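The values are calculated or read from the model by the stated rules, or taken from the named source; none is laboratory data. Source: prediction; values computed, not measured. Cβ placement follows ideal geometry from the backbone for every residue including glycine, while neighbour counts extend to all protein chains displayed.
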Amino acid sequence: MVDFSLVLQATASGVVTGCVYALIALSLVIVYKSTDVINFAGGEVVMVGGYLGMVGLLYLGLPYALIFLFSAALTFALGAAFDRLVLNKVLGRAVPGQSILVAMVIATVGLSYAMKGSVRVFPYTEDVRRLPPLFTGEPIFIGSVVLQPQDLAIVGIAVLVMLALWAFFALTITGKALRATSQNPRAAALVGIPVRTMRMTMWGLASAVSAVAGILLAPKLLMTPDMGVIVILAFAAAIIGGFASLPGCIVGGIVLGVIQNLAGLFLTSSAISVAPFLVIMLILTLRPQGLFGGRVVAKKV
Amino acid sequence: MYGSPSWQRLAPLLILLALGAVLPPLLPQYFLYLGNVLMMYAVLALGLDLLLGWAGQFAFAHIAFFGVGAYATVLLQTRLGIPFAAAMPLAAILAALIGMLIALPATRLRAVYLALATFAFAEGAQWVFNAWDRVTGGADGLRIPAPNLFGYPLGTDPRAFPVMAVVLALVIAGTLYLTSSKFGRSLCAIRDSEHAAAASGIDVRKTKVIVFAISAAYAGIAGGMFTMYQSFVNPETFGFAQIVLVLSMIVVGGLGTLPGTLIGVVLLGLLPEVMRTAMRSLLVWQELVYGVILILAMMYMPRGLWGTFFRRRVRP
């Protein structure tokens, strides 16, 4: 029998990593909802965000608080530019009888190779690095659970980003316009919303959220140009949440983080790596709309 | 009109067979190796094109069936002592059966979910190849004994080359028959509109399951071809990068067109080799160049090379 305090500890660290998965999943879902694209470059945006943070911190000497803005601003521009320059063009050249999804997805795969490739070009990235911890200090004890101050900071920042996104989408007029665009682009265009700009903004916003996740991961994971594979966990998280619901994928991320840690505790450590695939297949087979999604509604004709 | 393909469309296969017989003594081994690689990719790509280009099903599971084919062909010989000539078809049938099992739940899913579910299946399969080390040899891989085809030993590039050419010719002929049959028309109907297809009396679910199985069988055959000229197999061979490569081949060449698929296979199959020789000192740029090529191809050639230059619509 596994010690109960170990279970608590595993759950707590699962929540911490789950928050980061949730951020990446948010980014994927924002892109999917607004542009119908599965972003296979999502993981590479996280990676580039992390590296940009490192450049800001170690070379430009920016304080930790500012590198979030620095990295988010640059990845916002990157995401927006990709939508504007590439996806816009792909969309405009749709071929009848051929799913546009395929072309869009391959374009994002191209982006992921291009990003990995451009990071690898710097000899600097041959060494595996990691960022210094966000906060140092005495670990905090809650009952028998030990938490590093850094873990609390990760949860805090992730929650802050989520709240900011919620406030933006729910309370601002731009946020409402963005939501309208993702629900029905044609109607949105009719009432005068600049749909193209909105799509671009969504790509930028999603990339910025990923960049924040990248900086949060950077002190915990080893940084390599290949760290983008983490995106599979975010896909699983998003699917748990139904792939179309923002609150759903936050819950999905946390659930997945906890499942992963408990699987590692009760089964074998290799179960950690296969958990996301099993979760994706099980959920899509049994409940394609996700655990929290409502009825599946056919979109468009 | 549908029926059998005309002999004009089958005739070029004779050239392929003749090349398979004539080239091995004439070409250096490296070129024969490239030829083998391309012929294997051609079978993989033709299978994926049936699923994606003809039936419009966006699935990533193809590479897993390739792995099943390769591992099963080897294991049936080494563990059960089944001769190669039987092991390879059996492995293809096994891949088709697994494909069918996957298709039963997967065909209920809409585009995006199908892509994600099959992506997860492919990654899961690669995990199995890694973790089931008592059978697959795990990450260390498995040595492939030289297959013996009715007393004719394969296992080297020159010896495998003619047999690979025969297999590819058979697969192409099969593809021509399939796509010019009523079944091929049903696939296009499903791709263009499932509702319209169902309304005109096509059993959409059944057709999708069958095309999944056929496509998986192609991948299984390609797995068997892999064991003809390679001496070693490990899970790395069946990763995400491979499925992206095959996918790019058919999309860059032209979805749903046989010549397009073959052009894509040759171009993208040779690209790494060309880059290796042309960019010797700049090898690190390879990934970036590949990514940019994919992006540009999607932007400027949505119909693929074949469709762009021959202005032929994807066949109705």
Checklist entry - Going through the stretch A:24-73 one residue at a time, which ones are more than 21 Å from A:Arg179 (Cα to Cα), β-branched (Val, Ile, Thr) and within 17 Å of the chain's Cα centre (by Cα)? => result A:Val45, A:Val46, A:Val48
Checklist outcome for this item: Sole miss for B:Ala59 among (1) more than 22 Å from B:Val251 (Cβ to Cβ); (2) in contact with a Ser or Thr (Cβ under 8 Å, 6 or more places away or on another chain); (3) hydrophobic (A, V, I, L, M, F, W, C); (4) in a loop (DSSP other than H, G, I, E, B) is condition (1)
Item to check | Residue list for the stretch A:115-151, restricted to those being modelled with pLDDT under 85 and either assigned to a helix (DSSP H, G or I) or of a type in the set (S, T, N, Q) (or both) | outcome: A:Arg120, A:Val121, A:Pro123, A:Tyr124, A:Thr125, A:Glu126, A:Thr136, A:Ser144, A:Gln148, A:Pro149, A:Gln150, A:Asp151
Item to check | Candidates B:Ile250, B:Ile263 - the one that is closer than 20 Å to B:Gly184 by Cβ, more than 9 Å from chain A (Cβ to nearest Cβ) and either under 19 Å from the mean Cα position of the chain (by Cα) or surrounded by fewer than 23 Cβ atoms within 10 Å (Cβ to Cβ) (or both) | outcome: B:Ile250
Checklist entry - Given the conditions (1) more than 14 Å from every other protein chain (Cβ to nearest Cβ); (2) within 23 Å of B:Val244 (Cβ to Cβ), which single one is not true for B:Phe129? => result (1)
Checklist entry - Taking B:Arg108 and the conditions (1) over 22 Å from B:Ala241 (Cα atoms); (2) away from chain A (no Cβ under 14 Å), which numbered condition does it fall short on, given that it satisfies the others? => result (2)
Checklist entry - Applying the selection to the stretch B:85-105, what residues are within 14 Å of chain A (Cβ to nearest Cβ) and in contact (Cβ under 8 Å) with a residue 24 or more places away in the chain? => result B:Ile98, B:Ile102, B:Ala103, B:Leu104
Checklist entry - Can you tell me which residues in the stretch B:198-215 are of a type in the set (D, E, K, R) and in contact (Cβ under 8 Å) with a residue 60 or more places away in the chain? => result B:Arg205, B:Lys208
Next on the checklist: Can you find, within the stretch A:1-57, the residue that is surrounded by the fewest Cβ atoms within 10 Å (Cβ to Cβ) among those that are outside any helix (DSSP H, G or I) and more than 14 Å from chain B (Cβ to nearest Cβ)?
Outcome noted: A:Met1
Checklist entry - Mind checking which residues of the stretch A:62-91 are without any contact (Cβ under 8 Å) to a residue 12 or more places away in the chain and at the interface with chain B (Cβ under 9 Å from one of its Cβ atoms)? => result A:Leu85, A:Lys89
Checklist entry - Wholly within the stretch A:223-288, which helices (runs of 4 or more DSSP H) include no fewer than the required count, namely at least 3 residues that are more than 10 Å from chain B (Cβ to nearest Cβ) and more than 18 Å from B:Gln126 (Cβ to Cβ)? => result A:231-240, A:246-266
Next on the checklist: Of everything in the stretch B:261-316, what is within 21 Å of B:Tyr33 (Cβ to Cβ), of a type in the set (A, V, I, L, M, F, W, C) and either modelled with pLDDT of 85 or more or part of a helix (DSSP H, G or I) (or both)? Give them in sequence order.
Outcome noted: B:Leu262, B:Ile263, B:Val265, B:Val266, B:Leu267, B:Leu268, B:Leu270, B:Leu271, B:Val274, B:Met275, B:Ala278, B:Leu283
Item to check | Options B:Thr227, B:Thr237: the member that is under 15 Å from the mean Cα position of the chain (by Cα), surrounded by fewer than 24 Cβ atoms within 10 Å (Cβ to Cβ), under 18 Å from B:Leu94 (Cβ atoms) and of a type in the set (S, T, N, Q) | outcome: B:Thr237
